[in-house]
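First the structure, in the form of structure tokens, and then the observations on it.
The values are calculated or read from the model by the stated rules, or taken from the named source; none is laboratory data. Since we're looking at a predicted model, the values are computed, not measured. Neighbour counts run over all protein chains shown; Cβ positions are idealised from the backbone, glycine included.
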Amino acid sequence: MRNQIFSQLVLLSLGMIIFSLMGSNAVLSSIYGSSIAIINYLLLSRRIKLNQLLKNKNAESDIRSIYIGAIERFVFTLIAMAVGMGALSFEPMAILVSFALMQLSYFFAPINSQIKPESATSN
């Protein structure tokens, strides 16, 4: 989890530097878009930890939990972006670009880096 957050903070800093050339509203918009992605990651991480704690042997309940988590993150993202672009009057391009940059962090620090497979040799 720390690797993922670190990657996201590095990309947040990169986005802030890029958008600082466009003015303070663009920087705030960039921070807002990045925070949406960070909260999405935290929601995903919470869902994964919850599934690991429950250790359901029923694949159907695991799939249901994954779908519920995906819907939860999707709805949160839509509402947060609508609030940012509408009510808060942030710059839409800065929100979307910073959100997309943060999604790139999944390539740099995979979310499952904390999960270690069981050894195949242990019987």
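Yes/no per residue for (1) exposed (fewer than 12 other Cβ atoms within 10 Å of the Cβ); (2) part of a helix (DSSP H, G or I):
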{"position": "Met22", "(1), (2)": "no, no"}
{"position": "Val27", "(1), (2)": "no, yes"}
{"position": "Ser34", "(1), (2)": "no, yes"}
{"position": "Leu43", "(1), (2)": "no, yes"}
{"position": "Ser61", "(1), (2)": "no, yes"}
{"position": "Val75", "(1), (2)": "yes, yes"}
{"position": "Met85", "(1), (2)": "no, yes"}
Some residue of segment 11-26 being β-branched (Val, Ile, Thr) and modelled with pLDDT of 75 or more: no
Criterion violated by Asn56 - all others in (1) of a type in the set (S, T, N, Q); (2) modelled with pLDDT of 80 or more; (3) farther than 21 Å from Leu104 by Cα satisfied: (2)
Residue check, Ile71 within 18 Å of the chain's Cα centre (by Cα) and within 29 Å of Met16 (Cβ to Cβ): no
